[in-house]
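Note sheet for the following structure.
The values are calculated or read from the model by the stated rules, or taken from the named source; none is laboratory data. None of these values were measured; they are calculated from a predicted model. Cβ atoms come from the backbone with ideal geometry, glycine included; neighbour counts cover every protein chain shown. Remember, those area values only see protein heavy atoms, side chains included, never the ligands or the DNA or RNA. Shrake-Rupley method; radii C 1.70, N 1.55, O 1.52, S 1.80 Å.
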Amino acid sequence: SQQGEEDPQALSIQEGENATMNCSYKTSINNLQWYRQNSGRGLVHLILIRSNEREKHSGRLRVTLDTSKKSSSLLITASRAADTASYFCATDPTGANSKLTFGKGITLSVRP
Amino acid sequence: DTAVSQTPKYLVTQMGNDKSIKCEQNLGHDTMYWYKQDSKKFLKIMFSYNNKELIINETVPNRFSPKSPDKAHLNLHINSLELGDSAVYFCASSQRTPPEAFFGQGTRLTVV
């Protein structure tokens, strides 16, 4: 069954603006991860946040996790045209070894 | 060096045929996965292997048979291909700690 669900499904912004994407999930997790997929390519890992963490930064990326609401957000600051891609959240559920489960993804378009 | 490589990149075949997709990782990871991504970009886990042992089989038809000759390889054999099998198939690998997954470039399977 699908674990993560991202919203919005599609997001279009101007270069330089910030992009915020949300993910909700259903079960307890060990960690939550965000991935990027460029058109026609495989997924690339961006950032991981553990269940005991609330916020994490990596370059222009900021991830938050609220385990009480079972939700996470990914913020990309000062977006660039090269950030245009699909973004997926993935959950690593507790008690389910080796079952990294992905949401449906968000399509981000950054207009130059 | 490519971390996770899968072949072929494109596969066009007729209904009823049998085909295989190969995957190799040179990262020394213990866990390997097969995912199926449909036309709506939904990424669904199919199988997970840990040290050559099957960990997860997500209600995949018996026509799909994974084989792991060693922990660096996880191949996917598909019998009696159907139109609905058309999708992009991704191989991935990870360690348990850290659990970030590394993906191959994908195999676009088209059944005609």
Given the residues A:Glu55, A:Glu5, A:Glu17, which is the only one that is modelled with pLDDT of 95 or more, acidic (Asp, Glu), surrounded by fewer than 19 Cβ atoms within 10 Å (Cβ to Cβ) and under 28 Å from A:Gly95 (Cβ atoms)?
-> A:Glu55
What residue, of A:Gly42, A:Gly105, is in contact with a Phe, Trp or Tyr (Cβ under 6 Å, 6 or more places away or on another chain), free of Cβ contacts under 8 Å to residues at least 24 places away in the same chain and buried (at least 21 other Cβ atoms within 10 Å of the Cβ)?
-> A:Gly42
Odd one out for B:Ser93, checked against (1) touching a residue at least 12 places away in the same chain (Cβ under 8 Å); (2) touching a His at 6+ places or on another chain (Cβ under 6 Å); (3) open to solvent by 40 Å² or more (accessible area, probe 1.4 Å) = (3)
Mind counting the residues in the stretch A:85-111 that are away from every other protein chain (no Cβ under 11 Å), among the polar types (S, T, N, Q) and farther than 15 Å from A:Pro8 by Cβ?
-> 1
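Can you say whether B:Thr59 is away from chain A (no Cβ under 11 Å) and polar (S, T, N, Q), as far as the supplied structure shows? If you could, list the steps in order and put the result at the bottom.
On the way: away from chain A (no Cβ under 11 Å): no; polar (S, T, N, Q): yes.
No, not satisfied.
Step by step: first the residues of the stretch B:23-34, then only those that are crowded, with 17+ Cβ neighbours inside 10 Å and without any contact (Cβ under 8 Å) to a residue 60 or more places away in the chain, then the one that is nearest to the other protein chains (Cβ to nearest Cβ). Which residue is that?
We begin by selecting, within the stretch B:23-34, every residue crowded, with 17+ Cβ neighbours inside 10 Å; these are B:23-25, B:29, B:31-34.
Next, only the ones that are without any contact (Cβ under 8 Å) to a residue 60 or more places away in the chain stay: B:24, B:34.
On the way: B:Glu24: 14, B:Trp34: 12 Å.
Per the criteria, the residue is B:Trp34.
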